[in-house]
1. Please list, in chain and number order, the residues 5+ apart from Ile104 or on another chain whose amide H is under 5 Å from its amide H, with Hs placed from the backbone.
2. Quick one: what do you get for the stretch 326-412 if you divide its Cα Rg by 2.2 N^0.38 Å?
3. Between 0 and 90 degrees, rounded to the nearest ten: what's the tilt of helix 375-389 against the longest Cα principal axis of the chain?
4. Only counting other Cβ atoms within 10 Å, I'd like Ser34, Ser137 sorted with the fewest neighbours first.
5. Calculate the FRET efficiency for Arg75 and Ala376 from the Cβ-Cβ distance with a Förster distance of 41 Å, rounded to the nearest 0.05.
6. Strictly over 30 Å apart at the Cα level, which of Lys316/Lys343; Lys189/Lys327; Lys33/Lys316; Lys64/Lys194 would you flag in this model?
7. By per-residue mean of other Cβ atoms within 10 Å, what is the highest-first order of 388-400, 106-118?
8. With a 10 Å radius around each residue's Cβ, average the other Cβ atoms per peptide and rank 58-70, 294-306, highest first.
Amino acid sequence: MSDTFDALETRSPAEREAALLAALPAQVAHAKKSSSAFAVLLADVDAAAVTSRDALARLPVIRKSELQERQQAARAAGGDVFGGFSAVAFGASMTRVFASPGPIYEPEGTARDYWRMARAIYAAGFRAGELIHNSFSYHFVPAGSMMETGAHALGCSVFPGGTGQTEQQVQAMRELQPAGYIGTPSFLKIIVEKAAELGVNLPTVKKAMFGGEAFPPSLRDWFTARGIDGYQCYATADLGLIAYETVAREGLVLDEGVIVEIVRPGTGDPVVEGEVGELVVTTLNPTYPLIRFGTGDLSAVLPGQCPTGRTNTRIKGWMGRADQTTKIRGMFVHPKQVDEVVKRFPELRRARLVVSGEMANDVMTLKVESASTDAALAARIGEAIRDVTKLRGTVELHAPGTLPNDGKVIDDIRSYK
């Protein structure tokens, strides 16, 4: 259906897996040596032994909340603003510093296409020699720079439109005639509607790459009806590109520079293929060597390969947030606690804690998949719930495969009226 950015995208899955796992021990060793945070977090880990996904799965998951806490603690003590996670310091090895909400500070290294965005931009249809109108923010957050450096690596020129000033955006598009747009889908919709209001045609804007927010089929169809083919990518300020959409429009293909796992929310345990869980990413970036970084986003593996000939694993895209911690009768209950209950009973499979009732009258029900319908088993599970959460809850036994596969470990359906 299309050509590809490079030969890495079409290598055999076995060749790719071997290359990633061959690079993994060196990256773990580099993180321990060059990052003071990972020197502590992975102190007891033999980097040379991390040569398989099973070995990787035994390492701790580092979630964004922990990264933020370590950064805040280090800054409060007058120490490293990156909390010990960056492998380089201010100066020639760090071109820029960005801030994400929190704030969390992220370094930008000197590597060409540091965020690895060129691959996604290419998949969206952009080619060398074109002008791209980039409407991602250029201040504080790295989105603008992420896309610009990727476009430059692809051989494109960039107009740094940034956000806001809709009429000026329309004017620039009319006069510069870019080949397409990069930014959020909602802002391009605003620009297109403003252009129509002003009676201005934008005939050259035929393609777009979107990120930063949801891109539902209804909005995709809205752009298609106006002659714009839009594709989405999934990237974060910490990791760069994780996955990208192709012309096949069948899920998102994983980037070549990351190792992705999907784990049960609240844990570091990989789920079976097809089950929804939290995306955990290990990046091969030497500047910011994040090992098993929990994105907090839910997704699932999409079986099969992309019809475009790209052979990397596909995911279904963003399917919600993994952090489902909730307060019940004045106490916080975490997905990890639900998992702890389930692990006490080998006969149990998927579990879902449903919180219902009205405010101040919470009802906690743990629904579990089990081939057994033994009431004594349900009673023992109820005791485990109280032991782990310090709260009473009822237990429902369900046949295997009957609970929803949506990644929800805690489902809060309480009425707050």
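Values in this text are rule-based calculations from the coordinates and carry no lab data. Please read these numbers as outputs of a predicted model, since none were measured by experiment. Quick reminder, even Gly has a Cβ in these numbers, built from the backbone with ideal geometry, and neighbours come from all protein chains shown.
1. none
2. Details: Rg = 12.1 Å, N = 87, 2.2 N^0.38 = 12.0 Å.
Compared with the compact-globule rule of thumb, the stretch 326-412 sits at 1.01.
3. So the helix axis and the longest Cα principal axis differ by about 60 degrees.
4. Least crowded to most crowded, the residues run Ser34, Ser137.
5. So, using R0 = 41 Å, E works out to roughly 0.15.
6. Exceeds cut-off: Lys189/Lys327; Lys33/Lys316; Lys64/Lys194.
7. Result, highest mean first: 106-118, 388-400.
8. 294-306, 58-70
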